[in-house]
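The values are calculated or read from the model by the stated rules, or taken from the named source; none is laboratory data. These numbers were taken from a predicted model, which means no experiment stands behind them. Positions of Cβ are backbone-derived with ideal geometry, glycine not excepted, and every protein chain shown enters the neighbour counts. SASA here: full protein model, heavy atoms, side chains in, ligands and nucleic acids out. Shrake-Rupley method; radii C 1.70, N 1.55, O 1.52, S 1.80 Å.
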Amino acid sequence: SFRSVIARRNKRTSTKRAERKRAGKPKDERRMDTWQAKWKPPRPVHRNPCLIIGCSDEASLKESFGKFGEVKEVFAPKGQNFAFVHFEDKYDAENAMNALNGSEIGGKQVKVTDGKGANKEVAAWRASCMAAFKAK
């Protein structure tokens with residue numbers, strides 16, 4: 001029928017028009033700018049403690065992380081290449097992680113991650129502690 005012909009033509013032209021509009025823009029610019037895309041939570045999810053891989057010097061870790069809030073405790077297992085830093089305010093850990101990841105602490109390049117997440121080095125250390133405990 002005549003209406004279906006007109007409807008198909010309008011659909012084709014509107015699709016072509018939209019394709020021409022998007023043609024020159026990179027993919028990230030084509031996204032809609034909505035409030036959901038811009039929304040940030042009022043406070044970040046806490047990531048206390050921080051796991052520092054690459055440095056186990058407690059004094060330099062306390063000094064570096066102390067700039068972001070009051071450090072409650074620094075735990076560096078003997079003979080290991082990692083340490084944990086606990087903050088008094090659990091939200092300070094997020095700021096410290098973002099700022100210090102990839103930086104140099106105590107003359108060594110460090111990687112700072114969430115201390116609650118899985119890590120191969122920490123898992124191996126925990127397994128060796130458990131094996132030593134069971135051997136007693």
Could you check how much of the accessible area of the range 62-136 is carbon and sulfur, as a whole percent, using a 1.4 Å probe? 50 percent
Extension gain ASN119-LYS72, at 0.36 nm per residue separation less the Cα-Cα distance, in nm? 14.7 nm
Work out the length of the dipole vector of the range 55-115 about its Cα centre, built from +1 on the beta-carbon of each Lys and Arg and -1 on the beta-carbon of each Asp and Glu, and round it to the nearest 20 debye. 240 debye
